[in-house]
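Notes follow once the structure below has been shown.
Here, each number is a calculation from the coordinates, and none is a lab measurement. As the structure is a computational prediction, the values presented were derived from the model and not from experiment. We place every Cβ from the backbone using ideal geometry, glycine too, and count neighbours over all the protein chains shown.
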Amino acid sequence: MTTFRNTFRQATAPLRALKARYWPLIKTLQTLLLLSTGMAGYLSAHAPGPHLPANWGLFLGLSGSLFLAISGSTVLNMWYDNDIDAKMKRTCSRPLANGTVSLDEALRLGLLLSTTGVAWAAWLSPLFGLVVFSGLFFDVVVYTIWLKRRTCWSIVWGGISGGMPILAGRALATGQIDAIGLLLTLAVLFWIPTHILTFSMRYFDDYQAAGVPTFPSTYGFDATRKIIAVSSILAALTMSAASAWIGMTAGALGVLAVLSVGLLILALTTWFRPSNKINFMLFKYASLYMLSAMLLLALGM
C-alpha cells in the first residue's frame, strides 16, 4: 500500500506542481460563487420541487464552460492589473505581483481558458455562448482595461459582468432571455457593490497607493456606506421578486424572507449607525445570503 501511494504521488507530482503554480490565479472562491449562480440560473427554469437536472450532459457542459470562461477572465484581469497588485499590501503576494508566474504565462493561460470556455459555451448554444462572451467582455475589456483606472463607476460594469453567469444559465435552460433571468441578473448586480465597496473602504490606503479611483475616495465613506445599504436592500428585493415569480414553494420563500429581513436589518444599521464592524458584518452576511438564495434556486424548493 505504501509503495502504491509513493508511486501515485510521484506520478501526480507534475500535476500538483502545476496546480500549486497556477491555481491561485483564478481566485477560487470568487470563481466558484459565480459558477454557482450560473448553475442556479439553469436549475431555476425547472418546475418547483426537489429535482435533478433533466439533461446531465448539458448541465455538466454549462458547469465546465462557465468555470473555464470565469477562470480565464480572472487570470486576464490579474495579468492586466499586475502593476496595481504589486503596489497593494492585500494583493502583493499574488503570483504575478511576486514574480512566481510570468506575464507571458498568465496571458497565454488566460486566453486559453477564456477561448475554450466561450467556444464550449457557443457549441452548447449560440445564445448561451453570446451571454458568456458578453460577461467576459464586460469584465476584462470594459471594466478592467477601459474604466477601472479612470472612474469609480467602473463597478457598475463589473456588476453587470458578475450577473452574466446566472443569466447565461437561465438562457441555456429556457432558450431565451426572459424577465426572470433579467431579475436574477439584477439581484447579483446589486449584490456585487456590497463586496467591492466594502473592500474599497477596508483597504482604502492600498487603493490610494495604487491610484485606483474608488467610491470612498470620490464621495467619502458615509456616502459609500449608504450606497452599500441601498444596494443590499435592492438585491434582496429583486431576488425575492424573481423567486416568487419562478413559483418557489411557500417554505422556501419563507426561508428567503427570513434571510432578507436579516439583510435589511444590517443594511439599515449600516445607514443609521455606520461603523466598519457593521459594514463588514453586512458584507459577510450578504455573501451568505446570495449563496443561500442560489442554493434555494438550485434545489427548486
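Roughly how compact is the stretch 224-275, stated as its Cα Rg over 2.2 N^0.38 Å to two decimals?
Working: Rg = 12.3 Å, N = 52, 2.2 N^0.38 = 9.9 Å.
The value comes to 1.24.
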Can you give me the pair-distance distribution of the stretch 66-113, C-alpha pairs, 5 Å bins, whole percents? 5, 27, 30, 22, 13, 4, 0
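Averaged over every viewing direction, what's the projected area of the C-alpha convex hull for the stretch 93-195? Give it in nm², one decimal, please. Don't skip to the end; give the middle numbers.
On the way: hull surface 29.8 nm².
Reported value for the Cα convex hull: 7.5 nm².
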Between Gly57, Gly162, Gly117, where does the largest GNM mean-square fluctuation fall for the chain, given springs only between Cα atoms within less than 10 Å? Gly57
What longest range of the chain stays clear of loop-exposed trypsin sites (Lys or Arg not before Pro) (DSSP non-H/G/I/E/B, at most 11 other C-beta within 10 angstrom)? 151-301
Using a simple charge model, +1 on the beta-carbon of Lys and Arg, -1 on the beta-carbon of Asp and Glu, nothing else, what dipole does the stretch 25-299 show about its Cα centre, in debye to the nearest 20? 560
How big is D, in µm² s⁻¹, for the chain by Stokes-Einstein at 4 °C and 1.567 mPa s if Rh is the Kirkwood radius over C-alpha pairs? 64
Short to long, in 5 Å steps from zero, the percent of alpha-carbon pairs of the stretch 40-146 per bin is 2, 13, 18, 18, 15, 12, 9, 7, 4, 2
So, how do all the Cα-to-Cα distances of the stretch 138-198 break down into 5 Å bins, in percent, from 0 on up? 4, 21, 25, 20, 16, 10, 4, 1
Along the positive direction of the dipole of the stretch 25-299 (beta-carbon charges: Lys, Arg +1; Asp, Glu -1; about the Cα centre), which of Tyr219, Thr28, Ala244 reaches farthest? Tyr219
Lys27: which aspartates and glutamates have alpha carbons under 15 Å from its alpha carbon, excluding same-chain residues fewer than 8 sequence positions away? Asp81, Asp85, Asp139
Under a Gaussian network model of the chain whose springs join Cα atoms within less than 10 Å, the largest fluctuation of Asn279, Asn77, Asn98 belongs to Asn98
Straight-distance crosslink candidates among lysines, where the alpha carbon sits under 26 Å from Lys226 and sequence neighbours closer than 8 are dropped: Lys148, Lys277, Lys284
Of the residues Phe190, Ser134, Gln176, the Cα lying farthest along the dipole of the chain towards its positive end, which is defined by charges on the beta carbon of Lys, Arg, Asp and Glu, belongs to Phe190
Most mobile listed residue (Gly262, Gly181, Gly220) in the chain, GNM with C-alpha springs under 10 Å: Gly220
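Asn276: net charge of surrounding residues, Cβ under 14 Å, Lys/Arg +1, Asp/Glu -1, itself excluded? Walk me through the intermediate numbers first.
Details: positive: Arg202, Arg225, Arg273, Lys277, Lys284; negative: Asp205, Asp222.
Residues close to Asn276 contribute a combined charge of +3.
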Report, in whole Å, the centroid distance computed from the Cα atoms of the stretch 71-136 and the stretch 188-238. 23
Any number yet on Rg/Rh for the stretch 210-301, C-alpha, Kirkwood? 1.06
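Just to be sure I follow: if Rg is taken over the C-alpha atoms of the stretch 159-261 and Rh is the Kirkwood radius over the same atoms, what is Rg/Rh?
Working: Rg = 16.3 Å, Rh = 15.1 Å.
Using Cα coordinates only, the ratio equals 1.08.
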